[in-house]
Each structure stands twice: as structure tokens, then as C-alpha cells.
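Mind having a look at this structure? Questions to follow.
The values are calculated or read from the model by the stated rules, or taken from the named source; none is laboratory data. Owing to the predicted nature of the structure, the values given are computational and were not obtained by experimental measurement. Note that we place each Cβ from the backbone using ideal geometry, even for glycine, and neighbour counts take in every protein chain shown.
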Amino acid sequence: MLVDFSDAANRHWKVAECLLKDKRWANADQLFGLYAECALKAVLSNYRLNFERDHIDKLWDNAKTFACGMNAVKCLAHLSCVANPFDNWKVDQRYWNSAYITEDIVKAHK
């Protein structure tokens, strides 16, 4: 299996943007979360860290903890400036009724 977090991030972002324009909030939100997850994993993989099993709701905080203890502080500094915007995002939302995902939720995750 060939893992390419950067490519995956770009792919998820492009499709999420299309879904957002089409007002398909639930699917757009899922992909914005996966985009953020893949983008952050692309950065973390430069430090040879394995957070593959973490999803963005947990990965955000784990990356902040890592950054505080390493030279990654400069690279990941923006994470510490913002509360985890994905604390209400769950990969299991893919099973939820789409009525629970609103435009405001999606825009916050974007």
C-alpha cells in the first residue's frame, strides 16, 4: 500500500469544495475533516511519527502535544493558537443522518 498524505489531502479538499458548492453539507464536512487529517499527517510524517490510526478530532491535540516537545513548534505553531476546531468532528459521522450536519458546522471545519 502506497501512502501519500499530501495527495490524499489535495484530493479530499477538491471534492469537499465541490460538495460545499452543491450544499451537500454532510459529505463536504466528512471530506474537510479527512483533508485536515491528511494534511497534518503529511507534516507529521516529516518527523517520522506514526499517527496513522488517529483521526483529526484526536490528531489535532496529539500534534500539539508533540510540537511542544520537539522542534516542530515553528511548523505546527498555528495549532496552539486555536482550540481544536475538529473536537465535534467524528469519522463515524459518515453513518449519521445528514440533517445533523449544518452549513455552519461545515464552514467551521473548512
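Name the single residue that is farthest from Lys23 (Cα to Cα) among those in segment 84-110 being among the aromatic types (Phe, Trp, Tyr) and buried (at least 17 other Cβ atoms within 10 Å of the Cβ).
The initial filter retains those residues of segment 84-110 that are among the aromatic types (Phe, Trp, Tyr), namely 86, 89, 95-96, 100.
Restricting the remaining residues to those that are buried (at least 17 other Cβ atoms within 10 Å of the Cβ) gives 86, 89.
Details: Phe86: 20, Trp89: 18 Å.
Among those that are among the aromatic types (Phe, Trp, Tyr) and buried (at least 17 other Cβ atoms within 10 Å of the Cβ), it is Phe86.
Further question: I'm checking my understanding of the structure. Among residues of segment 41-58 that are assigned to a helix (DSSP H, G or I) and surrounded by fewer than 22 Cβ atoms within 10 Å (Cβ to Cβ), which one is farthest from the chain's Cα centre (by Cα)? Talk me through it step by step, then tell me what you get.
Restricting attention to segment 41-58, the residues satisfying the condition of being assigned to a helix (DSSP H, G or I) are 41-45, 56-58.
Next, only the ones that are surrounded by fewer than 22 Cβ atoms within 10 Å (Cβ to Cβ) stay: 42-43, 45, 57-58.
On the way: Ala42: 11, Val43: 12, Ser45: 15, Asp57: 7, Lys58: 10 Å.
Looking at residues that are assigned to a helix (DSSP H, G or I) and surrounded by fewer than 22 Cβ atoms within 10 Å (Cβ to Cβ), I get Ser45.
Additional query: Say we look at segment 62-83 and pick out the residues that are crowded, with 16+ Cβ neighbours inside 10 Å and modelled with pLDDT of 70 or more; which of these is farthest from Leu31 (Cα to Cα)?
Among residues in segment 62-83 that are crowded, with 16+ Cβ neighbours inside 10 Å and modelled with pLDDT of 70 or more, the one farthest from Leu31 (Cα to Cα) is Lys64.
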